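Q: Can you keep this structure in mind? I'll have questions shortly.
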Amino acid sequence: MDFLPVRKLDDILALDKMVQELTCKLSYPMGSLLKIAGRYLPNFGIEVTDQNRAELERSSLTNYFSCWGRAAKVTLEAIKKATTDAGFPVNNSHLNDEVGKMTVDVLMNLARADKTRQFMLTDIGAGDGETTAAVFDAMCNEGAFDLAERCEFLLVEPSEENLWNASKNLRDHRINQEHKVRIATVGGTNHNFLGRIKDGESDVIYSSAVFHHMIFPTYLDRLREGLAADGVLVVGDWYTTIFKHPAFVAEILRNLDIDKPGYAEFLSLFKCSEGDEKRLTQHMDRDEIITNFRMLRYIVTIGQEFQKIPVENRDEFLEGHCSFEDRKVDLESKGFMTEMKQLSGHHGFSKMHTNVRNVDPYGAAKVGAFAKQPILRKQR
Ligand SMILES: C[S@@+](CC[C@H](N)C(=O)[O-])C[C@H]1O[C@@H](n2cnc3c(N)ncnc32)[C@H](O)[C@@H]1O
């Protein structure tokens, strides 16, 4: 087989189908290549062009949504168990806690600079409301109740069921016992709902464990437009390069016990040889190697746990993770300031020493706060 690279949509979809079929019998199948971060797709022989980008993005969303449709309580329990078993000392709750603290730190700074300002905060991919609950927790811990009453929260989330749970969970939060916090929700099934964030309306947009589901940084255009002139984006996420190269994915497949012919076909399709992953590792730093190793263990453990649950509830492992450095490149190209030296003059960052906090000791989970560039430089 020697037909890569491909750039026409039909050829890309044919390649994707062929590769998915190789792994569909595994307890943890790979799923669609179109869930991998767009910047890494060329490593898989997929050329992203101005002509195919929008279609690839649409296909990616469809793949993500159909995968989430399969997730049940047993799926989430298996994933949670694997997070601990793989040696990650932190999980999404820790990430949420840190997003909550960072958001409230920025907000308190903005509130100090303008004592009468009313704030709009937007939670992207709100899930069951855990991220916003962490913001409420941080406000309670700071005793920032007057500030809470100056805020309105907008929760953006594609799953109506999640949104319903989020509204209920947040209404019951202890902050609402004596104070009334205004909460609104926006639901939708794809990127359209981002279009319902009004221009310049949000003072702080925050999001936890969501952006690694978006393969192109197009969503950052809308978020930037949605922010006030001095608005801040707080992002908590998981960073890994385990899906960056087919040699790494081959290593995962081998550990998930793919059959020999399937493994050989995967290697030959992407022109990889056994051991390529070791060669690629030589150019990586210690934290990246350790994170990818734990990700491998995490995926293999989920594969073992999935053997105990019904096939229809099994998820697929590819996702749109990237390195933190690559995320910063996306943010900068879309008009965000990412470095503390640029942010030190911004009133949202007063007295802050750093705008990026490690949640995981090896940098697999981080929270960063990034301000809108006052004037958008020419986009690449
Ligand atoms: C891992 S959950 C995180 C939920 C919540 N932020 C938390 O940390 O508890 C990811 C959430 O992102 C939502 N999501 C997925 N794709 C999205 C998109 N394109 N835009 C916004 N949210 C999305 C999913 O529905 C899901 O609720």
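The values are calculated or read from the model by the stated rules, or taken from the named source; none is laboratory data. Values in this document were obtained by computation on a predicted structure and should not be read as measured data. Cβ sites come from the backbone with ideal geometry, for glycine too, and all protein chains shown count toward neighbours.
Q: In the range 268-304, which residues are surrounded by fewer than 19 Cβ atoms within 10 Å (Cβ to Cβ) and hydroxyl-bearing (Ser, Thr, Tyr)?
A: The answer is Ser268, Ser273, Thr281.
Q: For a quick check of your reading: which helices (runs of 4 or more DSSP H) sit entirely within the range 145-253 and have at least 1 residues that are touching a Phe, Trp or Tyr at 6+ places or on another chain (Cβ under 6 Å)? Let's see the steps before the verdict.
A: Values: elements: 145-149, 160-171, 175-178, 219-226.
Filter on the range 145-253 gives 175-178.
Q: Within the range 313-329, can one find any residue that is modelled with pLDDT under 95, on the phi < 0 side of the Ramachandran plot and not in a loop (DSSP other than H, G, I, E, B)?
A: Yes, the range 313-329 contains a residue that is modelled with pLDDT under 95, on the phi < 0 side of the Ramachandran plot and not in a loop (DSSP other than H, G, I, E, B).
Q: Name every residue in the range 21-40 that is crowded, with 18+ Cβ neighbours inside 10 Å and either of a type in the set (S, T, N, Q) or not assigned by TED's automatic domain parsing to the domain that holds Glu251 (or both), in order of residue number. Full working, then the answer.
A: Taking the range 21-40 as the starting set, the residues that turn out to be crowded, with 18+ Cβ neighbours inside 10 Å are 22-23, 26, 28-40.
Across the range 21-40, the qualifying residues are Thr23, Ser32.
Q: Criterion first (under 18 Å from the mean Cα position of the chain (by Cα), closer than 30 Å to Val19 by Cα and part of a helix (DSSP H, G or I)) does Val300 satisfy it?
A: Spelling it out, it is not the case that Val300 is under 18 Å from the mean Cα position of the chain (by Cα), closer than 30 Å to Val19 by Cα and part of a helix (DSSP H, G or I).
Q: Looking at (1) within 14 Å of the ligand (Cβ to nearest atom); (2) over 30 Å from Met340 (Cβ atoms); (3) surrounded by 21 or more Cβ atoms within 10 Å (Cβ to Cβ), find the lone condition where Thr185 falls short.
A: Condition not satisfied by Thr185: (3).
Q: Hey, could you check the range 102-126 for residues that are in contact (Cβ under 8 Å) with a residue 60 or more places away in the chain and within 16 Å of the ligand (Cβ to nearest atom) and say which is surrounded by the fewest Cβ atoms within 10 Å (Cβ to Cβ)?
A: Selected residue: Gly125.
Q: Further, regarding this structure: Can you tell me which residue is nearest to Leu233 (Cα to Cα) among those in the range 180-205 that are at pLDDT below 85 and β-branched (Val, Ile, Thr)?
A: Ile197
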